[in-house]
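Quick notes on the structure that follows.
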Amino acid sequence: MIWCILVAGILLPQSLAHPGFFTSIGQMTDLIHTEKDLVTSLKDYIKAEEDKLEQIKKWAEKLDRLTSTATKDPEGFVGHPVNAFKLMKRLNTEWSELENLVLKDMSDGFISNLTIQRQYFPNDEDQVGAAKALLRLQDTYNLDTDTISKGDLPGVKHKSFLTVEDCFELGKVAYTEADYYHTELWMEQALRQLDEGEVSTIDKVSVLDYLSYAVYQQGDLDKALLLTKKLLELDPEHQRANGNLKYFEYIMAKEKEANKSASDDQSNQKTTLKKKGVAVDYLPERQKYEMLCRGEGIKMTPRRQKKLFCRYHDGNRNPKFILAPAKQEDEWDKPRIIRFHDIISDAEIDIVKDLAKPRLSRATVHDPETGKLTTAQYRVSKSAWLSGYENPVVSRLNMRIQDLTGLDVSTAEELQKDEPDAFKELGTGNRIATWLFYMSDVSAGGATVFPEVGASVWPKKGTAVFWYNLFASGEGDYSTRHAACPVLVGNKWVSNKWLHERGQEFRRPCTLSELE
């Protein structure tokens with residue numbers, strides 16, 4: 001009776017190049033502590049260098065006084081035998097000591113610490129993954145670049161700003177992926193911040209170079225030409241811009257000539273390269289998913305809402321819940337989605353999280369081409385599997401699910417299998433129902449959405465939601481197809497329990513109708 005723990009955090013980058021996946025909030029916080037340790041080491045190095053410079057400064061001041069006096073009357077100065085002796089001593093011994101002090105490398109400790117810690121650093125692929133994650137959040141939650149750059153996100157505790165360099169980097173990542181839609185958005189943001197007077201190592205010429213080409217790739221030749229001319233005003237000798245200007249003017253001349261000779265219908269057809277204003281990975285079905293993630297789902301009619309109730313549930317007179325019944329709320333009617341409130345305590349959550357953290361690994365998806373489980377760029381959560389025999393709390397939670405659902409958990413999914421037909425290997429039938437514990441609140445985002453019916457269920461710590469994936473007849477209820485929305489701000493801990501058909505024959509009898 002093993003169940004799955006999932007954790008997802010904000011802007012979770014993913015590297016497939018090495019095992020140090022930076023996809024869980026725990027590993028991200030480890031990096032914060034690593035950076036703090038390096039800052040402490042850096043400050044120690046600065047202090048050592050300051051002490052060294054202070055010693056050198058004292059040497060310089062002492063020698064400056066001596067040489068100032070000596071140069072006024074060199075013969076008289078060295079005529080004194082003590083002065084003559086000390087001059088010999090200084091030049092033969094003390095200047096060598098000063099040389100050694102100047103050459104002494106105070107950075108050994110800091111460099112050594114940095115070298116040790118560097119093995120845990122993210123790499124280029126992780127950085128690109130973080131940038132892509134930010135772009136996904138931008139699309140999913142319909143955020144403009146200025147809002148993200150100024151850090152005006154809902155529920156933020158630590159406001160953070162994007163510099164021109166940051167915006168330029170996001171635009172470059174999009175450009176590398178041939179995502180000219182996002183390239184344009186972020187290069188325009190970088191240009192806007194430069195126009196507002198932000199001091200940056202990035203100049204307008206570099207930004208306009210990327211921006212003009214991204215605009216051209218999206219088919220807006222007039223704007224691309226205008227941006228290129230603006231670039232040449234700043235740098236008249238820019239080789240690529242001069243070449244592009246001639247090319248753009250040539251293309252526009254050809255279009256103008258073609259339009260003159262074409263019929264009225266044909267003249268309305270432009271030779272644009274791509275539809276402007278659409279992300280490179282846009283899919284029509286994503287629109288509904290993203291709307292639900294933003295809370296823009298179907299609004300129930302008052303008549304439907306009246307059929308949703310809150311109640312106390314005693315698990316069909318289960319002795320454990322007669323005196324302290326569970327609080328139950330209807331989240332949705334068809335399919336019926338129920339939320340249980342205050343169903344898992346903070347202490348239980350802490351124990352489950354502590355058990356899961358050491359074994360969290362990248363969540364996988366089924367690859368329809370190879371038939372195997374694999375990682376995917378769009379799924380960056382981490383998961384772990386816990387068994388009831390490992391800890392009394394896990395066993396107690398298993399029994400709580402059984403008591404409240406009336407379903408037998410002895411055939412609940414045990415391990416995540418690598419085989420493509422994992423359910424057949426389990427020998428327990430299909431997943432009849434899903435129980436989902438929410439083990440954290442989420443500041444923004446992170447909903448569980450049901451695109452077929454337009455429902456959105458939002459995380460709330462200490463609660464759980466439950467629904468049937470199959471009709472009582474055993475046929476699949478496709479209205480329960482669901483997806484997790486990315487976390488915008490905060491982090492999300494959930495735990496799943498998938499209950500299977502076997503063992504439920506007398507607990508949930510079949511019906512004669514396929515859709516009941």
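The values are calculated or read from the model by the stated rules, or taken from the named source; none is laboratory data. Since the model is a prediction, treat every value here as computed from it, not as a measurement. All Cβ positions, glycine included, derive from the backbone under ideal geometry; neighbour counts span all protein chains shown. When the accessible area is computed, the model is the full protein with side chains, heavy atoms only, and any ligands, DNA or RNA have been set aside. Shrake-Rupley method; radii C 1.70, N 1.55, O 1.52, S 1.80 Å.
Could you give each residue of the range 82-93 its phi-based ³J(HN,Hα) in whole Hz, using Karplus coefficients 6.51, -1.76, 1.60 with θ = phi - 60°, and x for Gly or Pro?
5, 4, 4, 4, 5, 5, 4, 5, 4, 6, 7, 10
Read phi for every residue in the range 469-482 and hand back ³J(HN,Hα) as whole Hz from Karplus 6.51 cos²θ - 1.76 cosθ + 1.60, θ = phi - 60°, with x for Gly and Pro.
8, 10, 5, 4, 6, x, 6, x, 9, 5, 5, 8, 4, 9
Give the ranking of Y247, Y180 by solvent-accessible surface, highest area first, calculated with a 1.4 Å probe. All intermediate terms of the calculation are to be shown ahead of the outcome.
Details: Y247 100, Y180 35 Å².
Accessible-area ranking of Y247, Y180, largest first: Y247, Y180.
Quick one: which residues, 5+ away or cross-chain, put their amide H under 5 Å from the amide H of S473? H built at 1.01 Å from N.
So S473 has HN proximity to T511, E516.
Determine the alpha carbon to alpha carbon distance for each of K47/K86; K132/K299; K36/K460; K62/K89; K288/K327; K306/K327 and list only those over 21 Å. Please report the intermediate quantities before stating the final value.
Details: K47/K86 32 Å; K132/K299 32 Å; K36/K460 32 Å; K62/K89 15 Å; K288/K327 31 Å; K306/K327 18 Å.
With Cα atoms farther than 21 Å apart: K47/K86; K132/K299; K36/K460; K288/K327.
Got a sec to turn the phi values of the range 387-395 into Karplus ³J(HN,Hα) couplings, 6.51 cos²θ - 1.76 cosθ + 1.60 with θ = phi - 60°, whole Hz, x for Gly and Pro?
For the range 387-395, the Karplus-derived couplings read 9, x, 6, 6, 7, x, 5, 5, 4 Hz, x marking Gly and Pro.
In whole Å, what is the distance between the alpha-carbon centres of the range 427-476 and the range 197-267?
Here the answer is 50 Å between Cα centres.
Given a cut-off of under 8 Å on Cα pairs at least six residues apart, what relative contact order in percent is computed for the range 122-251? Show your work: numbers first, answer last.
Details: 129 pairs, mean separation 21.1, N = 130.
It rounds to 16 percent for the range 122-251.
Given H placed 1.01 Å from N in the peptide plane, which residues other than close sequence neighbours of K492 have an amide H under 5 Å from its amide H?
Amide H neighbours of K492, under 5 Å, 5+ apart: A8, G9.
Can you give me the Cα centroid spacing of the range 74-111 and the range 127-143 in angstrom?
60 Å
Assuming a ≥ b ≥ c are the square roots of the Cα gyration tensor eigenvalues, decide whether the range 128-213 counts as rounded (a/c under 1.5), prolate (otherwise, with a/b larger than b/c) or oblate. Show your work: numbers first, answer last.
Numbers: a/c = 1.98, a/b = 1.21, b/c = 1.64.
In terms of gyration-tensor shape, oblate.
Could you rank the peptides 451-457, 220-226, 98-104 by their average count of other C-beta atoms within 10 Å per residue, with the highest value first?
Numbers: 451-457: 19.1, 220-226: 17.4, 98-104: 11.3.
Packing proxy ranking, top to bottom: 451-457, 220-226, 98-104.
Can you bin the range 19-117 into rounded, prolate or oblate? Criterion: square roots of the alpha carbon gyration tensor eigenvalues sorted a ≥ b ≥ c, rounded for a/c under 1.5, prolate for a/b above b/c, oblate for the rest.
Prolate shape, in that a/c is at least 1.5 and a/b is the bigger ratio.
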